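What follows is calculated from the coordinates using simple rules that are stated; it is not laboratory data. On a predicted model such as this, the values are computed, not experimentally measured, just so you know. For neighbour counting, all protein chains shown are included, and Cβ atoms are generated from backbone atoms with ideal geometry for every residue, glycine included.
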Amino acid sequence: MSSNKPGGIPSLLKYAPPGTFVTVEQLPHGGSLQVRMLSGKAVQFYWRYSLEGKTSREPIGI
């Protein structure tokens, strides 16, 4: 997800609608840290990865 808003990741989180996933960090050899906007100001963290052609997203915590 890209944004024209200034400020990087904090701004992406601030302006993202609930239910939206935002990639915080992507590793060069696979996997990424993502957050999902919840209602209010809370976010849920996820680890996203691919294994044998299947993409999975595991919840880490709020």
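Below are the figures for this structure:
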| quantity | calculated |
| --- | --- |
| Compactness of region 9-61, expressed as Rg and Dmax over alpha-carbon positions, Å | 11.6, 36 |
| Total formal charge among the other residues, if their Cβ is under 10 angstrom from that of Y46, Lys/Arg +1 and Asp/Glu -1 | +2 |
